[in-house]
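Below you'll find the structure, written out as structure tokens, and then a few comments.
A short reminder: the numbers here are calculations on the coordinates, not readings from a lab. If you're wondering where the values come from, they're calculated on a predicted model, not measured in any experiment. In this analysis, Cβ positions are derived from the backbone assuming ideal geometry, glycine residues included, and neighbour counts consider all displayed protein chains.
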Amino acid sequence: MEFYRSSVDQEKYVIATYDMESAVSLSDAAWNVAIGQSVGNPNVRNAWETDELFERNSCIILGDKSYLETIKTGQVKIAFPVINTDWDSDGVSHLLCQLMGGQMDIDSILRCRLIDIKLPQCVEDKFLGPRYGISGMRAFTGQFNKPLFGSIIKPKIGISPDQLLDMTKQLVDGGVDFIKEDEILSNPSFCSLEDRVDLISNYINNCGRNVVYSFCINSDPHVICDRARFVSENGGNGVHINVWCGFGAYNSVRKMNLDNLNIHFQKSGDKVFTDKSHRFGIDWDVICDLAGLIGVDTIHSGMWGGYKSDDEDDLRRNLSILRNRNVVPALSCGMNADLVAPIRERFGCDWMANVGGAIHGDKDGTTVGARKIRDAIEIGNS
């Protein structure tokens, strides 16, 4: 069998692009990934590995072997057979296990970052994508041709359900379209999910405006789907899931197909595997593309001009990826009224200003702080 090819049938393979560095050569690194992440040990063959098995199940290296043998650093494309995965049940969790698994244990691979994935249509069709996303949230809130307005519950934890309700009322009075609980608030005894879902949802559903409220449901796999169903069945219209719950959590909740539930992807902690300075990791653009594939509606995508400020070109590319998946990019980490116009000028209007400190820390209180953000959004639309 020929393991190096210039092309493959793109309906039969997932094609992953890696930025790699090898102590030996890129050809050696590519071989270690291709064989090690499909049929077996890269350096030891056995009688069970038939030609038929290799033809059916082994990865393919896309490129010129002789060239890859002469360099140690660069990009490598590996084609992973679609047939190796049960896409109905293995899902995104098994996909990531294949793409970013055993190569981490090979000493000769000095750097390995996943920078792109191309999925065949037959795989795309196994995932649902956002139920609502940009188009759905605009239709629900009635906010068109302008940035959406999101807010964040602060303090992150410590308040009672009644205090949470009071804060929510002030945010709604201030003109928000979206409210999310922070990633620290999940199910503490003093503000349990059970206590706050009915209280908040009853208000949200009768406040006279269409607002999405995302309840934090961070938990382990055996709990998270039950929590999503609880929110949905008790009048809630949104859930917040942090990245540490796992990509399978988003996919599982989306596949429950709860028709009133928006899913928010909270990125806090992602730098552990997305920071570009790390030798092993996954590019944030890849994460966002996968997030859209598995069905999140909103995602904390980054920020420009705040206490966190992403490279302008990187953020523009990231926003494009999310918009192509119909996912609402939430810009947060220092967002305030003065930044709305310059961000809109640079990046257009398909994003959400997600604001915490600048609202609640306003000298005149939460409602006034929120109205300042709403005014900044509306001024740009007048």
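Straight-distance candidates among the lysines for linking to LYS72, with alpha-carbon spacing under 22 Å and chain neighbours fewer than 8 residues away dropped: LYS276. Cα-based radius of gyration for the range 195-349, normalised by 2.2 N^0.38 Å, reads 1.09.
In terms of the Cα gyration tensor, with a ≥ b ≥ c the square roots of its eigenvalues, is the range 122-268 rounded because a/c is under 1.5, prolate because a/b exceeds b/c, or oblate?
oblate
Quick one: net charge around GLN75, please, counting Lys, Arg +1 and Asp, Glu -1 for every other residue with C-beta under 14 Å from its C-beta. Around GLN75, the surrounding residues sum to 0.
Split the chain at each of the GluC sites (Glu not before Pro) in a DSSP loop with at most 15 other beta carbon atoms within 10 Å, and the longest piece is 70-382. Counting every C-alpha pair in the chain, the share spaced more than 40 angstrom apart comes to 22%. Among LEU199, LEU26, the ranking by other beta carbons within 10 Å of each residue's beta carbon, starting with the fewest, stands as LEU199, LEU26. Here the Kirkwood formula puts the hydrodynamic radius of the range 193-255 at 12.0 Å, using every distinct Cα pair.
Here the simple spin-label model places points 7 Å from the Cα toward Cβ, and for ASN381 and GLU233 these points are separated by 3.7 nm.
Dipole check for the chain: with +1 at the C-beta of Lys and Arg, -1 at the C-beta of Asp and Glu, and the Cα centre as origin, the magnitude is about 800 Debye.
Shape index of the range 4-77: Rg/Rh, with Rg the Cα radius of gyration and Rh the Kirkwood radius from the inverse mean 1/r over Cα pairs, equals 0.97.
Taking R0 as 51 Å, what's the FRET efficiency between ARG209 and ARG56 from their Cβ-Cβ distance, rounded to 0.05?
Given R0 = 51 Å and the Cβ-Cβ separation, E is 0.35.
R0 = 51 Å: FRET efficiency of SER135 with SER89, Cβ-based, nearest 0.05? The pair SER135/SER89 has a calculated efficiency of 0.95.
Compared with the alpha-carbon gap, the fully stretched path from GLU194 to GLN10 is longer by 61.5 nm at 0.36 nm per residue. Distance between the 7 Å Cα→Cβ label points at LYS363 and THR73: 5.2 nm.
Stretched out fully, how many nm does the piece from ARG279 to LYS118 gain, at 0.36 nm a residue minus the Cα gap? If you can, show how the numbers build up before the last one.
Numbers: separation 161, 0.36 × 161 = 57.96 nm, distance 2.22 nm.
Going from the current span to full extension adds 55.7 nm.
Couplings for the range 173-181, taken from phi via the Karplus curve 6.51 cos²θ - 1.76 cosθ + 1.60 with θ = phi - 60°, read 4, x, x, 6, 9, 8, 10, 10, 6 Hz in order; Gly and Pro are left as x. The simple spin-label model puts a point 7 Å past each Cα toward its Cβ; for SER160 and ASP105 those points are separated by 5.3 nm. Under 5 Å from the amide H of VAL212 lie the amide H atoms of PHE178, ILE179, each residue being 5 or more positions distant or on a separate chain, with H modelled from the backbone and absent for Pro and chain starts. When we measure straight from the Cα of LYS255, which lysines land under 25 angstrom away, once same-chain ones fewer than 8 places off are left out? Cα-Cα hits under 25 Å: LYS12, LYS118, LYS126, LYS180, LYS267.
Helix 284-294 and the long axis of the chain differ in direction by around 80°, with both axes built from C-alpha atoms. Taking a straight line from the alpha carbon of LYS271, these lysines sit under 19 Å away, with near neighbours fewer than eight places off in the same chain left out: LYS308.
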